[in-house]
Amino acid sequence: MSTEKTSEPTATELRLSILGMRCAGCVSAVEGALQAVPGVAAVSVNFADHSAQVKGIADPDALIKAVKEAGFDTAIMEGFEDPADQEAQEQQRFRDLMQKAAVAAAFGILLMVLEHFDWLPEIGSPTGQWFWPEAALFTLAIMAYSGWHFYSGAYKSLTLGQANMDTLIALGTGSAWIYSCVVIDYYSVLPSLAKHAYFEAAVIILAFINLGNALETLARGKTSTAIRQLIGLQPRTARVIRNGEDLDIAIEQVGLGETIRVRPGEKIPVDGVLIEGHSNVDESMLTGEPIPIEKTVGSEVVAGTMNQSGSFLFTATRIGRDTALAQIIKSVRQAQSSKPEIARLADKISSVFVPAVVAISVLTFISWYALGPDPSLGYAFVTSMTVLVIACPCALGLATPISVMVAVGRAAQSGILIRKGDALQSAGKITCLILDKTGTVTEGKPTVSTIEKWADYDEDTLLKFAASIESGSEHPLAASVLAAAEQRQIKLEKVTEFTAIAGHGVSAKINDQSVLFGNKALMDQQGVKFTRFDNKLEKLSALGQTPMLLAVDHKIVGVIAVSDPIKKDSASAVKALTDLGIRIIMVTGDNQITAHAIAKQAGIAEVRAQVLPQDKAAVVKALQQAGEIVGMVGDGINDAPALAQADVGFAIGTGTDVAIESADVVILQGSLLKVPEAIALSKATVVNIKQNLIGAFFYNTISIPVAAGLLYPLFGMLLNPMIAGLAMAMSSVTVVTNANRLRWTKLI
């Protein structure tokens with residue numbers, strides 16, 4: 001009997017395009033339908049771009065079926081969508097909605113004009129007995145054409161025991177048509193003031209709502225510009241070399257390890273490493289850095305960036321969904337789909353809003369029918385219908401996601417990758433920011449800064465001895481010494497008896513001479529006297545340099561100091577952060593003297609030096625317990641725990657993948673100035689969301705009582721249902737337009 005091991009299915013992530021969502025209630029319906037599918041682990045629905053991200057092991061066909069049963073059309077979105085196709089779909093939807101609005105408006109305006117000039121026959125007259133039933137049928141046909149998507153959505157929502165915007169529109173316009181038909185059939189028994197048909201109101205309401213949706217589609221299309229630009233960076237073909245021949249193939253057919261040729265002016269198709277050639281590459285769309293980056297053999301190139309001057313060959317190292325561009329697009333979409341805390345409040349309110357509006361509408365009808373003036377039935381109908389129409393919570397459902405979508409796109413265009421939506425809300429609240437030193441405040445690339453001879457040796461000889469002995473070392477500073485020797489084209493000597501002494505330096509023999517290269521502890525250990533150089537060594541350390549002594553035959557002959565210079569914009573970034581009222585602390589594993597020297601150059605007042613990697617997260621936690629809202633900026637593997645512990649973690653994108661995966665925000669280029677920009681964008685986004693929410697809540701709070709007839713006893717004024725339809729539609733357009741202001745927000 002044999003046993004077979006069965007592996008658990010691997011969790012995947014699918015992105016669905018959802019058609020037909022028109023309000024927060026629709027979002028809840030889609031989320032509920034998808035979450036009910038077996039195997040679904042998590043669902044995130046993005047109302048702003050009409051998509052859903054589903055994580056788990058669910059059958060894709062089951063997901064599609066569930067969404068369709070909930071009343072929405074859907075399709076799985078694979079890989080990179082063509083931006084031109086997306087644009088075409090948005091334009092087609094805009095045209096369809098405008099056409100539906102135009103048809104409804106044409107008939108509604110015709111009826112209004114005829115009624116205004118009293119050219120319509122009286123309902124009970126001989127002419128009216130054939131005209132009005134025909135008008136009812138024609139109105140029904142117009143409603144079916146211009147409003148079928150609302151009515152079908154309302155029906156499917158009802159079958160699921162839910163209510164949404166479609167419910168309100170269907171009730172409002174359907175009631176207008178049914179009431180008008182009742183007036184035609186029972187004209188003789190109704191009070192004179194109640195003998196009015198509202199066919200024009202039903203179609204004009206549909207015209208205004210379709211117009212509002214069309215304008216919303218047009219405005220919303222602008223919010224996804226950043227994503228479309230990123231997708232547009234991906235070329236559709238690549239020129240690979242197979243069997244010595246250049247072949248143009250579809251990007252999907254490129255394999256790992258393939259050799260790819262890129263000529264001047266072409267986009268780089270996948271990620272890889274140069275193996276031949278030299279060029280400058282424009283990476284501005286990914287990093288926000290306008291200056292082209294020089295690429296030589298061994299340099300990494302990234303998909304979607306633009307080759308400029310030279311031609312080169314490179315080997316593909318990441319393809320398809322694994323490229324940096326694909327991961328950036330994925331992260332941007334996830335952030336746009338995520339919900340900050342402020343959005344969850346709006347969701348909770350929206351979930352009870354529609355049923356509450358229906359209840360208010362019923363109460364309005366009963367109140368007017370029981371207490372209103374004659375014809376009470378007519379007043380009751382008009383007011384209850386107006387409540388239904390004006391209270392559609394479109395603006396409420398759009399208030400947060402549209403702002404998040406614009407802000408994340410705006411950030412991406414500036415080289416700031418927001419990976420988690422909560423960071424948009426939290427970054428603006430930061431009170432304390434921790435900065436790692438190496439690679440964050442400094443360049444992270446140590447270079448030889450001082451060569452000083454103290455015996456009968458010139459600088460080149462000192463460097464020759466130091467580089468020769470360091471050629472066998474794996475110490476991080478060895479590379480800078482070797483680079484300096486290479487730059488001066490110094491030929492290295494043969495080294496024998498090489499020994500690395502951990503934490504101290506190295507020893508070896510060169511030309512039968514005993515050579516030591518390292519710190520004071522090495523010299524002390526080997527019995528080499530150096531005390532007369534202490535003052536000089538302290539001065540170098542005070543400048544942020546790391547001095548290394550060179551001894552030949554147990555005599556100090558010189559010093560070579562290595563420093564990691566601060567980035568050119570670190571000081572201005574620290575000033576910008578300080579101006580925002582944020583407390584800045586530099587935390588590093590380096591020694592006190594070097595750490596304080598670097599901090600002084602950058603304008604940082606607080607320093608915590610000689611902090612072990614595992615203790616950085618503890619520093620963050622202690623500050624949090626003291627009441628600080630802590631941000632952490634780092635780039636190394638040792639920063640990952642602290643980045644995860646912080647309220648908002650900022651990873652320098654030039655750092656390690658581990659640090660980037662642990663962060664909430666990734667700075668795609670190495671500039672610290674992007675951190676205050678991200679904080680400023682966070683503050684602007686929260687303000688924008690609050691403006692949208694206050695506008696939406698204020699609109700509904702004011703409009704519903706007015707629609708219910710609150711002003712009638714005082715001013716004899718009622719809100720026309722058609723005006724209510726226009727106001728409802730325009731509120732959504734206002735919210736989208738306000739959110740789009742974030743695209744032009746000045747960050748710092």
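Computed over the range 393-518, the Cα gyration tensor eigenvalues convert (square root of 5λ each) into semi-axes of 54, 14, 13 Å, ordered from largest to smallest.
Set the Cα radius of gyration of the range 508-557 against 2.2 N^0.38 Å, with N its number of residues, and you get 1.17. In whole percents, the pair-distance distribution calculated for the range 541-681 from its alpha-carbon pairs, binned every 5 Å from zero, is 2, 10, 16, 20, 22, 14, 6, 4, 3, 2, 1, 0, 0. At a probe radius of 1.4 angstrom, the accessible area of the range 359-453 per residue rounds to 30 square angstrom.
Heavy-atom accessible surface of the range 124-189, averaged per residue, reaches 50 Å², computed with a 1.4 Å probe.
Accessible area per residue for the range 491-550 is 58 Å², calculated with a 1.4 Å probe on protein heavy atoms, without ligands, DNA or RNA. With distances taken between every two different alpha-carbon atoms, the range 418-490 has a Kirkwood hydrodynamic radius of 15.6 Å. Against the empirical curve 2.2 N^0.38 Å, the C-alpha radius of gyration of the range 445-555 lands at a ratio of 0.99. Our summary of shape: the Cα atoms of the range 26-75 have principal axis extents of 26, 19, 17 Å, ordered from largest down, in whole angstrom.
Translational diffusion of the range 520-607, estimated by Stokes-Einstein from the Kirkwood radius over alpha carbon pairs at 20 °C in a medium of 1.002 mPa s, is 145 µm² per second.
Accessible surface of the range 455-566, 1.4 Å probe: 46 percent of it comes from carbon and sulfur atoms.
The values are calculated or read from the model by the stated rules, or taken from the named source; none is laboratory data. Everything numeric here is computed off the predicted structure, so don't read it as measured data. When the accessible area is computed, the model is the full protein with side chains, heavy atoms only, and any ligands, DNA or RNA have been set aside. Shrake-Rupley method; radii C 1.70, N 1.55, O 1.52, S 1.80 Å.
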